[in-house]
Amino acid sequence: MAGAILRPVPENEIKLTFARSSGAGGQNVNKTSTKVVARWRVGASRVFLSAEKERLRAKLTNRLNSADELLVTSETERSQAQNRAAAVARLQSLVSHALRVPQKRRSTRPTKSSKMKRLETKKQRSRLKQTRGSWGDWL
């Protein structure tokens with residue numbers, strides 16, 4: 001799964017619904033349904049393997065509803081077409097980011113020069129503090 005091929009969610013699996021949008025737009029907002037809600041059922045997808053679906057469920061837990069659907073809304077634009085494109089793009093990016101498996105970190109040892117540099121700065125700091133002294137010492 002480390003070299004998983006990131007494939008997009010097919011358009012026919014995404015259900016789009018439209019509603020009246022809130023916010024700016026004047027009288028246009030009252031007349032047109034520009035808000036877009038994109039729904040995609042993770043369990044019903046025929047494109048992804050069961051392991052990938054489990055990874056999606058684990059990564060997108062807070063975004064899935066009780067019906068195992070990923071919901072994405074868009075109402076920022078004034079046209080329905082632009083909101084549709086934005087919602088689908090956001091859904092695709094959420095899925096691709098959730099499927100991406102991060103590379104394992106390989107532990108390394110500090111180099112000799114970095115150890116020496118660290119010790120030297122510690123010595124400098126120590127010398128600085130020693131030169132400060134307290135007021136009571138010279139009285």
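Any read-out appearing in this document is the output of simple, stated calculations on the displayed coordinates, not a laboratory observation. Just so it is clear, the model here is predicted, and its values are computed rather than measured. Cβ: placed from backbone, ideal geometry, glycine included. Neighbour counts: every protein chain shown.
Among the residues of segment 70-98, write down those that are out of contact with any Gly (no Cβ under 9 Å at 6 or more places or on another chain) and among the charged types (D, E, K, R). The answer is GLU77, ARG84, ARG90.
Tallying residues that are among the charged types (D, E, K, R) and within 30 Å of THR76 (Cβ to Cβ) within segment 89-132 yields 2. When GLU52 is tested against (1) among the charged types (D, E, K, R); (2) under 26 Å from the mean Cα position of the chain (by Cα); (3) more than 21 Å from ASN12 (Cβ to Cβ), exactly one condition is not met: (3).
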